[in-house]
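Reading through the structure tokens given below for one structure.
The values are calculated or read from the model by the stated rules, or taken from the named source; none is laboratory data. None of these values were measured; they are calculated from a predicted model. Neighbour counts are summed over all protein chains in view; Cβ atoms, including those assigned to glycine, are modelled from backbone coordinates with ideal geometry.
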Amino acid sequence: MRVELIRRPLPSPAMAWATPPLAVLLTMLAGAALFSLLGYDGPAAVREIFLTPVLSRDTWQDLAIKAAPLILIAVGLGIGFRAGVWNIGAEGQYIAGGLAGTGVALATWEMQGVWILPAMVVAGVLGGMAWAAVPALLRTRLQVNEILTTLMLTYVAVQLLNYLMRGPWRDPQGFGFPQTRLFTEWQVLPLLPGTFVHIGAVVALGVALLAWFVMARTVFGLRVRTVGAAPAAARHAGFGEGDTVWATLLLSGGLAGLAGIFEAAGPFAQMVPQFPTGYGFTAIIVAFLGRLHPIGAVLAGLVLAVSYVGGEIAQSSLGLPAAAAGVFQALMLFFLLGADVLVRYRLVLTQRVRP
Amino acid sequence: MTALDIAPTPVPATLRLELRGVTKRFPRVLANDNVDLSVAPGEIHALLGENGAGKSTLVKMIYGLMAPDAGTLSWEGTPRTITSPKEARRLGINMVFQHFSLFEAMSVLDNIALGLDERLPRRRLEARIRAVLDTYGLSLDPRRSVATLSVGERQRIEIVRALLVEPKLLIMDEPTSVLTPQEAEQLFATLRALAERGCAILYISHKLHEIRALCARATILRGGRVVAACEPRHESPASLAEMMIGARPRRVEKARPRPGPVKLALEGLSLPGEGDFGVTLEALSLEVRGGEIVGIAGVAGNGQSELFLALSGERLCAPEAVTLNGHPAGRLRPEERRAHGLSAVPEERLGHAGVPEFSLSENTLLTARHRRALVSRALVRPRRAAAFAAEVIARFDVRTTGPRAPAAALSGGNLQKFVVGREILQAPEVLVVSQPTWGVDAGAAAAIHQALADLAAGGAAILVISQDLDELFALTDRLAVLNGGRLSAPEDTASVSVERIGLLMGGLHGEGPHAR
């Protein structure tokens, strides 16, 4: 008796739906086993990380705040991934966006006006785009693989952040702490009435809906899907690859930059060296868990937000290390990519016949 | 019906191979239904049938790649179960596949060594290869790199690889589909010599004149069943075709061409080859007038794909090298060329003409979005796309569940009808089509040929790039040959001989890389 993988004639739509929940389930089982072996209460860890945030009444605001940047970045990445453009440096574009918006905030520190926040947001988007434009140029002009360049530029962004925090942008009244001034009332995101959720969460939902429409109904969406699915067919159809690389990198970079300035002008309300929290990397998991679909990214963004919030709960209630949430997130991507084989293949048990 | 009743020569006591009641079922189709087949030592036996008739499934079971669901296989009189190709080869069964598995960058010798089950010192292997080449009068240099060889020579590598182990049964899968007529003759001589030494040969083909020339007996499959067993020499091509298709083959009805103005012109089209094995096009010139069908014959790998890409606009060239309706088009991109009335159908249906996982509806958008107004500005108009897909499906008799079916779900013939229909219904003034009926069943091929003839009769200029000489002779008004990136002067199809075209395909007119 052995297990054989038989290729399906067509990818199974049922499995495409079923594998993300399956991956989440396997993550819970494997995570429980892993943390039990490490000497923790494994089942309790899974309960705290995955169920407590969902079941308690007040955590939805935390979830919305964590999910907003994940969704924004993952929607952009998902569109790029559909075109076969592997931008894995959204973290760098997120930092660049945050810095560009902060630059506007510091330049307008003594000013007042409703135009300041929109100017910061525009600067944030442009900052993310600029950071993604470098890999786009290198890929289209010199055929340099964007996986390497986007990732490496992330570390450049981190160094730039550290330099600015310790030097030019340090708060003059900050007792030497490496951080900027606090943003003024004109420079922070408004909150939804009666909550501490900033409007970035609403924008993220709107961006996802818009992206859904763009991918399904516009020629641009068709171009992106064609380039990713069959490059030769795209050339035949007149969809240039270079234009698509530029468009998807600028789009994903711009959305990462938008998420960056939303974080800076939202939860942080200033720029600090601890600004990079890994949203740009986690969003890769969100994009894949959401099947590279904008609405999938919303659902997957919420799942990953649960793991962030749950990780914090488990830290205080069970004494789990801070890395626990990261371990669960990585397990989830691992199981998702593994389970994806079921979309294209069937598992068949066969009896090997000997002559 | 047993083979013994109709065998032309006294049959030796034991058959080399005998199948009885072999059945193989796939999820959606019965690929082989109660098939009987017997091959005697020294016999060249044809397995004849259309695409999808079940020939490949049957030989895969003989070669150990699949197991039958029911039925028995006897090898030299003993029932056996063959569970792997390695075991098949140990018994003496060898197969030459239609698609070669060769490493371009390696020598002939290395390629043969890699494909052998036993490990031999290079010197001894080379001696054995030379012995086989001498025995069968084959010319091939074991030291040459595969990249420099013609398709016919590449096939010889596969044949030598099979002959090295002195097979008792050799299965040849559509061996002449890539050969010039002269190369095919050489292959037949080799096969006859092999049969005289007692090797049984199972010869898979759908080319009727070959089977009549080569094979003593034929088993004809249709829809997975044996529909007839016969002696091909005593049949006419028409009667064989009728057994194979189940109906009389339709002839292309062509109006006499009334050539109009020149719609497509190539003038000194030169294009460097891409990559290590690309072919460089050298100063191609040709005119195609409205109302005529011009064919480009030639063995694959002589510049056909480069020529197609230069015409469709996927590769750009000098502005005046390609002219559409009098407009210099060499630097125009695919979309701009379509605006000038060009349509193109690439050889590869999945991945080039269409996107496998897209619905038929979405696939219409790839090439017809502007000419059939399936988009307005930046927005797709899904209803119009679906309606156009439905129109193609209806007009070209595409068997599918509807416009929402993914392209990958269609059979080769139906998808080919769809992609050809998608271009023809855009009423192009110039149509370039590559391998229009490659791997397509006879019914679909006839429909496609008729559609092309009708389009030409309506005044369009058509260029057909094909390896299938039968197709080109049936369809075209003029015929040129592409060899080693050079194009021969076109000749009238009605007056040129197959032999002349064959010689041109073999490189008579130039010193291309494949000239010998």
(request) Select the helices (runs of 4 or more DSSP H) contained entirely in segment A:290-355, then report the ones holding at least 2 residues which are among the hydrophobic types (A, V, I, L, M, F, W, C) and at pLDDT 90 or above. (result) A:294-318, A:324-339
(request) Return yes or no: is A:Gly260 surrounded by fewer than 18 Cβ atoms within 10 Å (Cβ to Cβ) and either out of contact with any helix residue (DSSP H, G or I) (no Cβ under 8 Å at 6 or more places or on another chain) or part of a helix (DSSP H, G or I) (or both)? (result) no
(request) Tell me which residues, restricted to segment B:26-81, are away from chain A (no Cβ under 14 Å) and of a type in the set (Lys, Arg). (result) B:Lys55, B:Lys60
(request) Determine whether segment A:68-84 contains at least one residue that is in contact (Cβ under 8 Å) with a residue 40 or more places away in the chain and touching a strand residue (DSSP E or B) at 6+ places or on another chain (Cβ under 9 Å). (result) yes
(message) I need a count of the residues in segment A:91-149 that are acidic (Asp, Glu) and part of a helix (DSSP H, G or I).
(response) 2
(request) With the checklist (1) touching a Pro at 6+ places or on another chain (Cβ under 7 Å); (2) at pLDDT below 90 in hand, flag the one item B:Cys215 doesn't pass. (result) (2)
(message) Just to be sure before I move on: is B:Gly354 touching a Lys or Arg at 6+ places or on another chain (Cβ under 9 Å), in contact (Cβ under 8 Å) with a residue 24 or more places away in the chain, at the interface with another protein chain (Cβ under 9 Å from one of its Cβ atoms) and within 22 Å of B:Ser434 (Cα to Cα) in the structure I sent?
(response) yes
(request) Kindly provide the set of residues from segment A:230-244 that are closer than 22 Å to A:Pro135 by Cβ, within 8 Å of chain B (Cβ to nearest Cβ) and surrounded by fewer than 21 Cβ atoms within 10 Å (Cβ to Cβ), ordered by number. (result) A:Gly240
(message) Which numbered condition in (1) within 14 Å of chain B (Cβ to nearest Cβ); (2) over 25 Å from B:Pro356 (Cα atoms) is the only one that A:Trp60 fails?
(response) (1)
(request) Give the residue, chosen from A:Leu210, A:Leu205, A:Leu189, that is away from every other protein chain (no Cβ under 14 Å) and part of a helix (DSSP H, G or I). (result) A:Leu205
(message) Consider segment B:392-413. How many of its residues are surrounded by fewer than 21 Cβ atoms within 10 Å (Cβ to Cβ), within 19 Å of B:Leu455 (Cα to Cα) and either within 26 Å of the chain's Cα centre (by Cα) or in contact (Cβ under 8 Å) with a residue 12 or more places away in the chain (or both)?
(response) 2
(message) Looking only at segment B:364-391, filter to residues that are in contact (Cβ under 8 Å) with a residue 24 or more places away in the chain and in contact with a Pro (Cβ under 9 Å, 6 or more places away or on another chain); which one of those is nearest to the other protein chains (Cβ to nearest Cβ)?
(response) B:Thr367
(request) Working carefully through the options A:Thr180, A:Thr248, find the one that is more than 14 Å from chain B (Cβ to nearest Cβ), in contact with a Phe, Trp or Tyr (Cβ under 8 Å, 6 or more places away or on another chain), buried (at least 21 other Cβ atoms within 10 Å of the Cβ) and polar (S, T, N, Q). (result) A:Thr180
(message) Being under 22 Å from the mean Cα position of the chain (by Cα) and more than 14 Å from chain A (Cβ to nearest Cβ) is true for just one of B:Leu463, B:Leu425. Which residue is that?
(response) B:Leu463
(request) Test A:Val245 against the stated conditions and say whether it is in contact (Cβ under 8 Å) with a residue 40 or more places away in the chain, within 17 Å of B:Gly354 (Cβ to Cβ) and assigned to a helix (DSSP H, G or I). (result) no
